[in-house]
Amino acid sequence: MEWLTKFPEMDRNGLREFKKTVDNAFTSFSRNYGEGIENFFDPLLSFLVGFEKLFLNTPWPITIFVILFICWLASRSIIIIAGTLLSFLLIGYFGMWEDTMSTLAIILVATLLCIFIGIPIGIAMARSNKVQALILPILDVMQTIPSFVYLIPVVMLLGIGKVPGLIAVCIYAIPPIVRLTNLGIRLVDKDVLEAAESFGANYWQKLFGVQIPLALPTIFAGVNQTIMMALAMVVIASMIGVQGLGLPVLRAISNQYLALGLMNGLAIVVLAIIFDRVTQRIGKRMQRYKSD
Amino acid sequence: MNNFIKIKNLYKIFGNNCTEALNSVKTGISKEELLEKTNCVLGLNDINLNIPKGKIHVIMGLSGSGKSTLIRHLNRLIEPTFGEITIDGVNVLELNNKELLEYRQKNMSMVFQKFALFPHKTILENISYGLMVQNISEEIYQEKSQFWLKRVGLEGYDNYYPNQLSGGMQQRVGLARALATDAEILLMDEAFSALDPLIRSEMQDVLIDLQLELKKTIVFITHDLDEALKIGERISILRDGSIVQDDNPQKIILNPSDNYVSDFIKDINRSRVIKAKSIMTNFVSIKKENVPIIDSEMVLEEVLQEITKTKNYYVLVKNKKDKIIGKITLNQLLTGIQRPRKEIEKYA
C-alpha cells in the first residue's frame with residue numbers, strides 16, 4: 001500500500017539528469033546564439049539609451065515644460081496639469097529626478113514596443129479564431145508565470161543589463177494590449193461592418209476605416225493597462241540591472257531603509273497616476289462622437 | 001428588361017458539413033426534419049424570382065422566413081449553397097473577390113434596418129463612404145455627398161455625428177449613403193421597420209418621391225403588409241425559405257394563394273387598398289349623362305363615395321388616356337370590399 005501514501009515520483013537520479021539536460025541544452029543554446037541574439041537587440045539598446053540620455057541631459061525646466069505640454073495636449077485638463085507639475089517638483093526636490101527620468105525612459109520604450117508588437121498580434125487574433133486559440137494560452141502563461149521565473153532564461157541569454165530588463169518588462173506588460181485589441185475589434189458592431197462590406201470595402205479599408213477607429217477606445221484601455229503593468233515591473237526589472245526608481249527600492253528592502261523605500265515607491269505611484277489619468281482622458285476624448 | 005435580376009433554383013443551407021443536406025432538401029424534406037436529422041438549417045428553398053428593372057419589388061415574410069438571407073445573396077454578403085443569380089446578364093456567383101468588391105461598389109448599395117451608420121464618422125463622411133472606398137477624388141465625392149445630403153432634407157447637418165440625429169434622420173442618411181454611389185440597384189433590408197409609424201410613413205413618401213425621379217431597381221424587404229402595398233409594384237411572399245406567392249399587390253389581396261398569405265392580408269382595410277381596375281368588368285362605352293367616371297387607380301373607398309351619388313348605382317372607369325375601359329356596379333363594389341366567406345369563417 002506504499003504507492004497510496006507516497007506519490008510514485010521519478011527517482012532522484014533521473015530527476016537530476018532531467019534538470020541537467022534541460023540546463024545544459026539551454027546553456028549551450030545561449031553560448032552558441034547568445035551573442036547573435038544580443039546583437040539583434042542592439043538597436044533596441046541604443047534606442048533606450050538615447051531616450052534615457054535625452055531625458056537626463058535636458059535641463060529640468062524644459063523637461064517639465066514638455067511633459068506638461070504633452071499632458072495638456074492629451075487631457076486638456078487643468079487639474080491634471082497642476083497635479084503633474086506638483087508631482088514632478090516634489091520628485092525633484094526629494095532628489096529622485098534622475099531615477100525618475102530613467103524610469104520614464106524605460107516605461108516609454110517598453111510601452112512603444114508593446115504597442116508595435118501587441119496591436120498587430122491583437123488584430124491577427126481578431127481576424128481568425130485559430131490564431132486566437134493559439135495565442136490566448138500563451139498570454140495566460142505570460143500573465144500568470146511568476147516574473148522571476150522568466151528572468152532566469154532572459155538573464156542566461158542576454159546577461160544583466162537594460163535590454164533583458166526591457167524584455168522582462170515587455171513580457172509582463174504586453175498581454176493587456178493584445179487582449180484588448182482583439183476584444184475591441186471583435187466587439188465592433190456586426191451591422192456596421194456589414195454596411196462597409198456592402199459598399200465594397202476591402203479588408204484594409206474595413207480594418208483601418210471602421211474596425212480600428214471603433215475599437216480605439218478599447219485599444220487605448222489596453223495601452224493604459226500596459227503602462228500600469230510596466231510600472232509595476234520596474235522594481236523587479238531593477239534586479240537585473242535596470243536603472244531607475246526600482247533600484248533604491250531594492251536597496252531599501254535589503255537594508256530596511258523605510259524612508260528611502262517609501263519615497264521611491266510613492267514616486268512610482270505618482271508616475272502611475274499621471275500616466276493613468278492622462279491616457280484615460282485620451283480614451284474618453286476618442287469617444288467624443290458618442291456624446292451629444 | 002423584364003428579367004433584370006434573375007434568381008434561379010437558389011438554395012441556402014446554414015451549418016457545418018451541410019452540402020450533403022442539399023440532396024435531401026431537393027427531395028422535399030421539411031425544414032424541421034432537416035434540422036433534426038442533420039443539424040443543418042434550411043435558409044432558402046428553391047427560390048426562383050425575376051425582378052424587372054426600374055421597379056420596386058417587395059419581398060415580404062415573417063421573421064425567420066429568409067427574406068434578409070435572400071437579399072444578402074444579391075450582393076453576396078451570404079454565399080449560396082446552390083443556384084444561379086444573374087444581374088443584368090452578369091453571373092454574380094462567378095465574380096472573383098476583386099470583381100465582387102467592384103461590383104458592390106458600382107452596381108448596388110444597401111440600406112439597413114438598424115441604419116448601420118458609422119458612428120465615428122460625420123454625416124457627410126457617412127454619405128461619402130461608398131464613394132470613398134472607390135478612391136474617388138475628394139472634390140467629387142464632397143460635391144456628390146452635399147447634393148444627396150440636401151436631397152434627403154438634411155442640409156446643414158454635415159458635421160453632426162449619427163447619434164446626434166433622430167432615428168428618422170439617421171435613416172435619411174442611410175438612404176443618402178446608398179444613393180450617393182449612383183448604383184442601379186438599391187437593396188433595402190427592413191429599412192423603415194425600426195421607425196415609428198408617422199416617421200415610417202414619411203420615409204415611405206420620401207422613397208416613392210425619389211423613385212419617381214430616379215427609377216432605380218429597388219428590392220425592398222419588409223414584414224409590414226401596409227408598407228408592402230404602399231410602395232410595392234410587385235410583392236413576393238416568403239415562408240420558411242420558399243416563395244409562396246409572387247404577384248402584383250392587387251392580385252395578392254384578391255387571390256391569396258394559400259392560408260399563409262390570407263393570414264397575412266386578413267387585417268388590411270380592403271376598401272383602402274383594392275383599386276377600381278382590379279374589380280371592374282371590361283366595358284367599352286362613351287360618356288353617359290348622370291354616370292360618374294372614375295380613374296382606374298381609385299381605391300374602393302373613394303369609388304363608394306362616387307357610386308352613392310348616382311341613382312343607377314354604377315360608375316364607369318377610365319384609364320390614364322381618358323378612355324373608358326370598364327364599369328363597376330354596386331354589387332361588384334360590395335363583393336370587392338367584403339372578405340371572402342372562407343376567411344370570415346376561419347377567423348370568426
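The values are calculated or read from the model by the stated rules, or taken from the named source; none is laboratory data. Just so it is clear, the structure is predicted and the values come from calculations on it, not from any experiment. All Cβ positions, even for glycine, are placed from backbone atoms using ideal geometry, and neighbour counts span all protein chains on display. Ligands, DNA and RNA are excluded from the accessible area calculation, which covers all protein heavy atoms including side chains. Shrake-Rupley method; radii C 1.70, N 1.55, O 1.52, S 1.80 Å.
See the values below:
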quantity: Where Rh is the Kirkwood radius over Cα pairs, Rg/Rh for the protein assembly as shown; calculated: 1.16
quantity: Peptide A:200-206, shielding by other chains (average Cβ, 10 Å cutoff); calculated: 5
quantity: Sequence of A:W204, A:W97, B:W148 when ordered by accessible area, the most exposed leading, probe 1.4 angstrom; calculated: A:W204, A:W97, B:W148
quantity: Within chain B, helix-based [θ] at 222 nm, where runs of 4 or more DSSP H residues each add -39,500 (n - 2.57), nearest 500; calculated: -11000 deg cm²/dmol
quantity: Positive-pole candidate from A:A124, B:T308, B:Q170, dipole of the protein assembly as shown, charges at beta carbon; calculated: B:T308
quantity: Lysine pairs with alpha-carbon atoms under 15 Å apart, the stretch B:201-306, spacing 8 or more or separate chains; calculated: 5
quantity: Relative contact order (%) - criterion: Cα under 8 Å, at least six apart; region: the stretch A:160-292; calculated: 30
quantity: Free-standing Cys, the protein assembly as shown [no other Cys Cβ under 4.7 Å]; calculated: A:C71, A:C114, A:C170
quantity: Anisotropy class of chain A from Cα gyration tensor, a/c 1.5 cut; calculated: oblate
quantity: Pairs of lysine residues in chain A - Cα separation under 26 Å, sequence separation of 8 or more or cross-chain; calculated: 10
quantity: Distance from the stretch A:69-132 to the stretch B:1-75 (C-alpha centre basis), Å; calculated: 54
quantity: Hits among lysines - C-alpha to C-alpha of B:K26 under 17 Å, sequence gap 8 or more where chains match; calculated: B:K8, B:K12, B:K37
quantity: Protein-only accessible surface order, largest first, of B:H223, B:H73 at 1.4 Å; calculated: B:H223, B:H73
quantity: For the stretch A:176-191, 3J(HN,Hα) per residue [Karplus equation, 6.51 cos²θ - 1.76 cosθ + 1.60, θ = phi - 60°, Hz, x = Gly/Pro]; calculated: x, 6, 5, 4, 6, 5, 4, 4, x, 5, 5, 7, 4, 3, 4, 4
quantity: Centroid-to-centroid separation of the stretch B:97-124 and the stretch B:264-327 [C-alpha atoms, Å]; calculated: 44
quantity: Reach of B:K53 by Cα under 20 Å, taken over aspartates and glutamates that are not fewer than 8 positions away in the same chain; calculated: B:E84, B:D88, B:D182, B:E184, B:D189, B:D209, B:E213, B:E233, B:D246, B:D247
quantity: Whole-percent carbon and sulfur share, accessible surface of chain B, 1.4 Å; calculated: 46
quantity: The stretch B:51-265: C-alpha gyration tensor shape, a/c 1.5 cut-off, then a/b vs b/c; calculated: oblate
